[in-house]
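Take a look at the structure below.
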Amino acid sequence: MAKRDYYEVLGVPRTATTDEVKSAYRKLARQHHPDLNKENPKAAEEKFKELSEAYEVLADPAKRQRYDSQGYRGVEGEFGPGGFSWQNFTHVGDLEDLLGGTDFFQAFFGGDLLGGMRTRASGIPFRGNDVEVALRLPLSAALHGTERVIEVPVQGECQDCRGTGARNGTALETCPECQGRGQVRRSVNRGAAHLITITECPTCHGAGRRIKEACPTCGGSGILRQARKISVAIPAGIEDQAVLRLAGQGTAPGTGAIPGDLFVQVLFEPMAGLRREGQNAYTEAVVPLATALLGGEARVATIESEAILKIPAGTQPESQFRLRGEGFPKLRGRDRGDLFVTVHVQLPEQLSGGQRDLLQQALGKPAGAPARRPTLFGRRRT
Ligand SMILES: [Zn+2]
Ligand SMILES: [Zn+2]
């Protein structure tokens, strides 16, 4: 494949300033990022690499000058025998906010490089922490869903300095040691070998700028601990202990950092006498003997209020009835499950003489009336 002109690759004129080169690269890198081109990742990777190679040369005044005067031959020596590789790319920092934590970079940058990339200048993790909170709700909230505003303890960017740590976000100056590049080159002669190492600038830790005057609000860290109010939509039908993920609502340490996620675990308050199993609910009702024998009605507590259950005559103890549509909906759905009611029959403990006679008349004498009265002895041991 013929090597394309670096200016052409980035679509900038030969007179472009370093800032123009940078913004062109960022724009194209975002467009051709392999993670965003899932249908043809291989081609996107190639394109992305080509862009990065061009940027590597044109963003560096010395390399750019050699490229301008000698063409590719002038910079070839910077790269390995196979040409530009990701190991030669020294501008990962310029793309942190675009690429941080993506699978693509994990694939190209092994352990150390990735570790370096994930740690920002000030040693703050590049991706913010996830935050977990529990949210207690009445069971009825699972019926229609609800919305709650919760206070989440998060670390966030200091608003006064916009995360820079400098007073008003402007009291910054170009790092005198690296002249704003964020990296320093060291050349070491080891016998015949001449080694050039590029390391993060120790003064600004790679930021290229340093704080001239610290922000009084955050003391120069750019980060504030705050209680953020976040509105959480609870979908109907959500199960107990389910966890909702609110992407990007976790901790966001500083400018350019990817915020962590917020995880909200829903815990339903138990409801006396009612058990939930998926979409169905189970409860119990006690009816007097007369109702079981002759039929009638029973009041049953439902999830939200109560219902009248018709008890047919001759209902046996422990019969189960179904109240259709009195259960819980499917997640984000509307059709509700059922409420099952187990009916217990309460027997009178004592009968008056008249009641006994009437019952005997109606139901007949118990078969084989006892000849001897047994005494309650107790339970047999096993
Ligand atoms: Zn520096
Ligand atoms: Zn601040």
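The values are calculated or read from the model by the stated rules, or taken from the named source; none is laboratory data. Computed from a predicted model, the values in this text were never measured in an experiment. Positions of Cβ are backbone-derived with ideal geometry, glycine not excepted, and every protein chain shown enters the neighbour counts. Side chains are part of the model used for accessible areas, which takes the heavy atoms of the whole protein and leaves out ligands, DNA and RNA. Shrake-Rupley method; radii C 1.70, N 1.55, O 1.52, S 1.80 Å.
Sort out which residues of segment 243-277 are open to solvent by less than 30 Å² (accessible area, probe 1.4 Å) and modelled with pLDDT of 85 or more, and write them in order of number. Selection gives Leu244, Asp261, Leu262, Val264, Val266, Phe268, Leu274. Entry remark, segment 262-302: residues being within 19 Å of Leu331 (Cα to Cα) and hydrophobic (A, V, I, L, M, F, W, C) number 6 in total. Looking across segment 316-338, the residues that are in a loop (DSSP other than H, G, I, E, B) and loosely packed, with under 11 Cβ neighbours inside 10 Å come down to Gln316, Glu318, Arg324, Arg332, Arg334, Asp335. Scanning segment 279-297 for residues being within 30 Å of Gly145 (Cβ to Cβ) and out of contact with any Gly (no Cβ under 7 Å at 6 or more places or on another chain) gives a total of 2. Restricting the search to helices (runs of 4 or more DSSP H) fully inside segment 1-109 and requiring at least 1 residues that are modelled with pLDDT of 85 or more and open to solvent by 80 Å² or more (accessible area, probe 1.4 Å) gives 6-10, 18-31, 61-70, 73-76. Of the numbered criteria (1) open to solvent by 30 Å² or more (accessible area, probe 1.4 Å); (2) in a loop (DSSP other than H, G, I, E, B), the one Ala362 fails is (2).
Might you check whether a residue that is part of a loop (DSSP other than H, G, I, E, B), within 27 Å of Val154 (Cα to Cα) and not acidic (Asp, Glu) occurs anywhere in segment 195-204? The answer is yes; a qualifying residue exists. Among the residues of this structure, Glu147 counts as one that is more than 16 Å from ligand 1 (Cβ to nearest atom), charged (D, E, K, R) and touching a strand residue (DSSP E or B) at 6+ places or on another chain (Cβ under 8 Å). Here Ala313 qualifies as over 30 Å from Val243 (Cβ atoms), in contact with a Gly (Cβ under 6 Å, 6 or more places away or on another chain), open to solvent by 50 Å² or more (accessible area, probe 1.4 Å) and not in a strand (DSSP E or B). Apart from one condition, Leu114 fits all of (1) modelled with pLDDT under 75; (2) open to solvent by 60 Å² or more (accessible area, probe 1.4 Å); (3) aliphatic (A, V, I, L, M); the exception is (2).
Restricting attention to segment 201-241 and to residues that are buried (at least 18 other Cβ atoms within 10 Å of the Cβ) and over 19 Å from Gly163 (Cβ atoms), the residue that is farthest from ligand 2 (Cβ to nearest atom) turns out to be Gly237. For Ala281, the conditions (1) of a type outside the set (S, T, N, Q); (2) surrounded by 18 or more Cβ atoms within 10 Å (Cβ to Cβ); (3) part of a loop (DSSP other than H, G, I, E, B) are fulfilled apart from (3).
Taken over segment 290-309, the criterion of being open to solvent by 20 Å² or more (accessible area, probe 1.4 Å) and part of a loop (DSSP other than H, G, I, E, B) is satisfied by Gly295, Glu304, Ser305. Just wondering, is there one or more residues in segment 211-234 that are within 16 Å of ligand 1 (Cβ to nearest atom) and either in a loop (DSSP other than H, G, I, E, B) or over 30 Å from Glu304 (Cβ atoms) (or both)? Yes, some residue in segment 211-234 is within 16 Å of ligand 1 (Cβ to nearest atom) and either in a loop (DSSP other than H, G, I, E, B) or over 30 Å from Glu304 (Cβ atoms) (or both).
Count of segment 153-185 residues, restricted to those that are open to solvent by less than 40 Å² (accessible area, probe 1.4 Å), away from ligand 2 (no atom under 16 Å from the Cβ) and part of a strand (DSSP E or B), is 1. Looking only at residues in segment 66-85 that are more than 46 Å from the chain's Cα centre (by Cα) and among the small types (Gly, Ala, Ser), the one that is nearest to His194 (Cα to Cα) is Gly74.
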